[in-house]
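The values are calculated or read from the model by the stated rules, or taken from the named source; none is laboratory data. Just so it is clear, the model here is predicted, and its values are computed rather than measured. Methodologically, a virtual Cβ is constructed for each residue, glycine included, from the backbone with ideal geometry; neighbour enumeration extends over all protein chains shown. Side chains are part of the model used for accessible areas, which takes the heavy atoms of the whole protein and leaves out ligands, DNA and RNA. Shrake-Rupley method; radii C 1.70, N 1.55, O 1.52, S 1.80 Å.
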Amino acid sequence: VYVDEFELNVKPGEGSGSERITEGWFFADGEFLGAYTLPATIPVVKEGITTIRVSAGIKVNGIVSTPDIYDFYERYQREIELAPGRVDSLFPVTSYTDLSVFSFLEDFEVSNAFIDDLDGNPETEVELISGEDVFEGDRSGYIRLDASNNFIQVASLPILTTLPTNRSAVFLEFNYKTNTELGIGLVGSAQGLPGQPATLIVLRPREDWNKLYLELGPTLFASQLEGYQVLITAAHTNGAVPTEIFLDNFKIVNIDQ
């Protein structure tokens with residue numbers, strides 16, 4: 001069975017349809033066939049009407065060694081009639097599960113949630129840009145740093161107070177490209193005290209747009225705070241070359257509790 005890349009359909013209120021589904025986890029009549037990098041041709045030792053099920057897989061935290069099924073995407077399933085020596089093709093389509101909750105969405109089209117200036121420099125900020133560097137739609141987020149304004153630490157508002165801290169799955173999805181290292185994390189706060197920034201991942205420079213699925217569940221469980229903000233941080237390290245960071249389609253997805 002030849003399986004092409006997944007297509008993600010989204011409904012209003014679910015943000016962008018951008019995805020980075022890199023693997024398919026394959027089952028035939030309930031029997032696990034393995035996980036394959038897509039697109040892929042999968043040998044199926046069966047004949048006649050067979051139920052093929054494919055679960056969408058991602059690289060958790062962008063790490064090649066941590067592929068996993070993304071539980072927020074529906075499994076694709078179809079019955080096909082298999083015959084020896086024949087290659088049948090599937091073009092899987094998925095969507096977010098009905099239990100998915102979108103606790104945070106920012107696509108920079110008409111707003112910009114990243115306005116909590118933690119570094120104290122009003123010259124370093126997330127701006128809205130249009131033009132050829134936009135990922136999709138009309139606008140993306142943009143950060144420019146140089147030798148005079150060489151550091152940014154900014155967080156999203158409002159503070160999120162409903163994120164689950166009970167070990168359940170919580171992921172931050174976003175698109176980015178950058179010519180410097182980019183830190184993404186959380187700012188946690190409790191009892192009216194100032195939030196404490198924590199960088200969870202540092203991303204290497206990338207010339208092309210990439211999508212990341214950052215796992216937040218373990219951090220939320222370990223911290224058990226009352227509220228959280230999404231953190232962006234970076235430093236200028238390119239000498240005379242301006243630092244440029246492009247961002248789009250932030251969303252936090254968790255399960256309806």
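A few comments on the model shown:
- For the set VAL45, VAL230, solvent exposure ranked by accessible area (probe 1.4 Å, protein chains only) runs largest to smallest as VAL45, VAL230.
- Whether region 12-145 is rounded, prolate or oblate, judged on the alpha carbon gyration tensor where a/c under 1.5 counts as rounded: prolate
- The GluC sites (Glu not before Pro) of region 1-68 that DSSP puts in a loop, and whose beta carbon has at most 15 other beta carbons within 10 Å, are GLU5, GLU47.
- In terms of its alpha-carbon gyration tensor, the chain comes out prolate; a/c meets the 1.5 threshold, and the first ratio a/b outweighs b/c.
- Loop trypsin sites (Lys or Arg not before Pro), region 164-209, which have at most 16 other Cβ atoms in a 10 Å radius of their Cβ (DSSP): ARG167
- Helix content alone sets the calculated 222 nm mean residue ellipticity of the chain: runs of n ≥ 4 DSSP H residues at -39500 (n - 2.57) each, divided across all residues, give -500 deg cm²/dmol.
- Taking the chain as a Gaussian network of alpha-carbon nodes connected by springs under 10 Å, the highest mean-square fluctuation of the residues PRO197, PRO92, PRO84 belongs to PRO84.
- Solvent-accessible area per residue, Å², over region 1-102 with all protein chains present [probe radius 1.4 Å]: 53 Å²
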